[in-house]
1. Residues that are surrounded by 12 or more Cβ atoms within 10 Å (Cβ to Cβ) and out of contact with any helix residue (DSSP H, G or I) (no Cβ under 9 Å at 6 or more places or on another chain): does the stretch 45-67 have at least one?
2. Any chance you could count how many residues in the stretch 62-79 are out of contact with any Asp or Glu (no Cβ under 9 Å at 6 or more places or on another chain), in contact (Cβ under 8 Å) with a residue 12 or more places away in the chain and either in a helix (DSSP H, G or I) or of a type in the set (Lys, Arg) (or both)?
3. Hey, among Thr41, Thr50, which residue is in a helix (DSSP H, G or I) and either in contact (Cβ under 8 Å) with a residue 60 or more places away in the chain or hydroxyl-bearing (Ser, Thr, Tyr) (or both)?
Amino acid sequence: MTSRVAAAVADRVLPWLMLCVFWAAFACLAAGLVVWLAQPTGGAASALLTIGLLGLLANPLLKLLAVIAASAGERDWLTLGATLAVLAILMALTLRDALRS
């Protein structure tokens, strides 16, 4: 499979994957809210809310990974470098905040 064909497949699959992840995250957040309203002290609500938030956080990460793969396949070094820099900044900020608490 050539890089253009792989990029075309990724361009078709990625939006559907991101949409599925978004709606799964939405469903988890809604279910978590309903469970929390019914039983505020239960652990199930917390787990559902956490899964929903992680799903929402996964969407931009999926897009970043797709841009990295596409730019590497097309040998677009400027876009690849900029995207890797954005990913490094996001990881650094996440680690900083995780270590702070």
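Every read-out reported here was derived from the displayed coordinates using simple, explicitly stated rules and does not represent laboratory data. Just so it is clear, the structure is predicted and the values come from calculations on it, not from any experiment. Here the Cβ positions follow ideal geometry from the backbone for every residue, glycine too, while neighbour counts run over all protein chains shown.
1. Among the residues of the stretch 45-67, not one is surrounded by 12 or more Cβ atoms within 10 Å (Cβ to Cβ) and out of contact with any helix residue (DSSP H, G or I) (no Cβ under 9 Å at 6 or more places or on another chain), which makes the answer no.
2. So the answer is 9.
3. That would be Thr50, the only listed residue that is in a helix (DSSP H, G or I) and either in contact (Cβ under 8 Å) with a residue 60 or more places away in the chain or hydroxyl-bearing (Ser, Thr, Tyr) (or both).
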